[in-house]
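The values are calculated or read from the model by the stated rules, or taken from the named source; none is laboratory data. None of the values given here were measured: they were computed from a predicted structure. Cβ coordinates were reconstructed from backbone atoms using ideal geometry, including for glycine residues, and neighbour counts include every protein chain displayed.
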Ligand SMILES: [Fe+2]
């Protein structure tokens with residue numbers, strides 16, 4: 001097996017370079033570090049996992065978030081907008097693979113990328129996208145003030161612990177308020193403070209509803225829940241993208257703004273490249289490539305090595321994701 005992407009450790013140093021052959025020694029080492037998985041090459045068929053932003057930007061953003069360097073985060077959030085706007089495809093099909101310790105930071109970057117894609121889909125201007133991106137990257141900055149044993153608890157939280165965790169939007173607001181030379185736009189503080197509000201008023205901290213919740217917060221909320229659902233944590237498995245899309249749609253109009261969900265689902269591949277699916281003809285296959293026009297009909301490599309394009313085999317449907 002050949003590693004497809006660079007693998008980074010918790011200090012954002014390269015642990016293994018892309019194209020490294022994975023010996024048993026490396027595989028054991030990766031398993032010990034509790035990575036959820038890595039991308040590997042499968043012959044020449046599967047290209048490396050498509051990245052919407054460069055590794056350099058991603059790693060830099062994680063580093064600056066860890067150091068609470070808000071000015072650097074703002075600069076990087078603007079870079080992220082430009083990189084995504086320059087990207088060939090806006091389809092999200094890389095499953096988030098991180099080690100547990102870095103969860104909050106990796107999650108923040110993922111939420112930022114998804115938020116910007118939604119913003120582009122909703123027709124935001126460049127200046128609006130930059131503000132949205134800044135708020136999205138900083139949305140969980142208040143978690144630094146939540147006790148670490150609650151934040152990284154490898155189990156579900158007790159009601160008391162959850163009440164403490166729910167204070168992180170307020171802690172985030174306080175941190176942004178205290179920022180030196182306080183020129184940070186009010187919308188960013190508002191969005192960070194409001195990213196756990198629900199469309200129907202059942203969210204926190206203020207229980208705002210509908211349009212009273214800032215548009216950026218409504219976008220970040222959807223991106224946030226999607227990434228949390230599709231990420232494996234110590235106490236729960238990762239939900240596959242197809243099921244997570246179902247979850248977003250089922251909770252539209254209650255938790256989420258319907259317009260935001262409807263925009264987002266156009267950009268998520270329910271069957272990401274590399275996943276194994278079960279087809280209605282009883283065969284199994286690996287997704288080789290997604291069709292940008294119809295994300296439900298990818299190209300699939302069957303167990304016998306044949307490649308079929310589901311755009312051309314309309315009588316075959318996808319029943320489920322196996323792995
Ligand atoms: Fe949050």
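Any residue at all in the stretch 115-125 that's in the same structural domain as residue 83 (by TED's automatic domain parsing), in contact (Cβ under 8 Å) with a residue 60 or more places away in the chain and within 16 Å of the ligand (Cβ to nearest atom)? The answer is yes, given that some residue of the stretch 115-125 is in the same structural domain as residue 83 (by TED's automatic domain parsing), in contact (Cβ under 8 Å) with a residue 60 or more places away in the chain and within 16 Å of the ligand (Cβ to nearest atom).
The listed residues are 295, 319, and the only one of them that is in a strand (DSSP E or B), at negative phi and surrounded by fewer than 18 Cβ atoms within 10 Å (Cβ to Cβ) turns out to be 319.
With respect to the conditions (1) at pLDDT below 95; (2) more than 16 Å from the ligand (Cβ to nearest atom); (3) in a helix (DSSP H, G or I), residue 98 lacks only one, and its number is (3). Taking the stretch 10-37 as the range and being in contact with a strand residue (DSSP E or B) (Cβ under 9 Å, 6 or more places away or on another chain) and either modelled with pLDDT under 70 or assigned by TED's automatic domain parsing to the domain that holds residue 63 (or both) as the test, the residues that pass are 33, 35.
Looking only at the stretch 184-231, count how many residues are within 18 Å of residue 245 (Cβ to Cβ) and without any contact (Cβ under 8 Å) to a residue 40 or more places away in the chain. Count: 3. With respect to the conditions (1) over 20 Å from the mean Cα position of the chain (by Cα); (2) part of a strand (DSSP E or B), residue 290 lacks only one, and its number is (1).
Checking each residue of the stretch 240-258 against the condition of being touching a strand residue (DSSP E or B) at 6+ places or on another chain (Cβ under 6 Å), surrounded by fewer than 18 Cβ atoms within 10 Å (Cβ to Cβ) and at pLDDT 90 or above gives at least one match. One residue stands out among those in the stretch 148-188 that are surrounded by 14 or more Cβ atoms within 10 Å (Cβ to Cβ) and away from the ligand (no atom under 16 Å from the Cβ): the one that is nearest to residue 66 (Cα to Cα), which is 179.
Restricting the stretch 195-225 to residues that are more than 13 Å from the ligand (Cβ to nearest atom) and in a helix (DSSP H, G or I), the residue that is nearest to residue 266 (Cα to Cα) is 219. Could you check, for the stretch 39-53, whether at least one of its residues is surrounded by fewer than 17 Cβ atoms within 10 Å (Cβ to Cβ) and either modelled with pLDDT of 70 or more or within 30 Å of residue 189 (Cβ to Cβ) (or both)? Within the stretch 39-53, one or more residues are surrounded by fewer than 17 Cβ atoms within 10 Å (Cβ to Cβ) and either modelled with pLDDT of 70 or more or within 30 Å of residue 189 (Cβ to Cβ) (or both).
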